[in-house]
Amino acid sequence: MAVKKGSRGTRSRSGSSRRRGIGLLFWICLLAIIAAVAFAARGPLGAAFSRMTTLRTTTPTAPAAPTAPAAPAAPAHPGVQVTIAPLPAAPARPAEPSSPAAEPASRNGAVSAQNPDTTPPQRPTVRKARLFFTAVDPSGALQMKSVIRPIPSSDSPLHDTLEALLKGPTSQELNMGLLSMIPAESHVRSVTVRDDTAYIDFNESFRFNSQGLEALNAQLRQVVYAATEFPSVKKVQILIEGRKVQYLGTEGLRIDVPLSRASFRQ
């Protein structure tokens, strides 16, 4: 009985040892398989991990400006290729048409610059004035002759008429035999009209005439007749250097009173 019990114990211990050996071998084989699988999958897992790391570091947090696309970043692992597609360029804006109102304005400006205003300046208006000169008749006497002459119009028509009279006859009028008895050095200092009388102020040269009494008379008639052509003038008061004098010339023609055309018929 003792022998039998010992045989069962021996068989029991050997069975347990065999099971432990089989279990240890199982775990060794399992670890070997896991190690082999891990070794075989090391390349793809590392590449995937590298790809995730690259995408996380290269993905922009904000949209890039529409400029030239940057070159793609080199992959972290030689087995992974990361390609970043360039952003589409912004479409070009069509050129805005020029304003239709501005174009005619520029054309008008060009026309005005090329064709400046060539309107000639307006000529001063003229009026007709009747001037009186003298002519010698067959008997040798002096007669009054009138001519119509255009002179520029101004605010002082009587003054302008007397100035034209003192310049004497034109060459054409001289050919017609017209003369002036007014001394060549005479000039009008001022002209004033009050009521129906024209006050004409001459310089000292008007006072003397070297051709005699008849020439003095003709000289006065030329002035009085020319002044009384204006409807507002009936008489003429002769002044010498701004004052009245009693006589004209050394032979004495009285001029201290206003003269009219009737004064020469007496």
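The values are calculated or read from the model by the stated rules, or taken from the named source; none is laboratory data. No experiment lies behind these values; they were computed from the predicted model shown. Glycine also receives a Cβ, built like all others from the backbone with ideal geometry; neighbour counts cover every protein chain displayed.
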Worksheet item: With respect to LYS244, is the statement that it is loosely packed, with under 14 Cβ neighbours inside 10 Å, among the basic types (Lys, Arg) and at pLDDT 90 or above true?
Response: yes
Practice prompt. Would you list the strands (runs of 3 or more DSSP E) that sit entirely within the stretch 145-246 and hold 2 or more residues that are touching a Ser or Thr at 6+ places or on another chain (Cβ under 9 Å) and under 22 Å from ARG127 (Cα atoms)?
Written response: 188-194, 197-202
Worksheet, complete the sentence: From the option list ALA215, ALA184, single residue qualifying as surrounded by 14 or more Cβ atoms within 10 Å (Cβ to Cβ) and either small (Gly, Ala, Ser) or touching a Gly at 6+ places or on another chain (Cβ under 8 Å) (or both) is ALA215
Item to complete: Identify the single condition in (1) surrounded by fewer than 16 Cβ atoms within 10 Å (Cβ to Cβ); (2) farther than 19 Å from PHE133 by Cα; (3) more than 56 Å from the chain's Cα centre (by Cα) that GLY249 does not satisfy, given that it satisfies every other one.
Response: (1)
Discussion item. For the condition of a type in the set (Asp, Glu), closer than 23 Å to SER263 by Cβ and out of contact with any Lys or Arg (no Cβ under 8 Å at 6 or more places or on another chain), what is the one hit in ASP137, ASP196, ASP155?
Written reply: ASP137
Worksheet item: Can you name the condition, by its number, that TYR199 falls short on among (1) modelled with pLDDT of 95 or more; (2) buried (at least 18 other Cβ atoms within 10 Å of the Cβ); (3) in contact with a Leu (Cβ under 9 Å, 6 or more places away or on another chain)?
Response: (2)
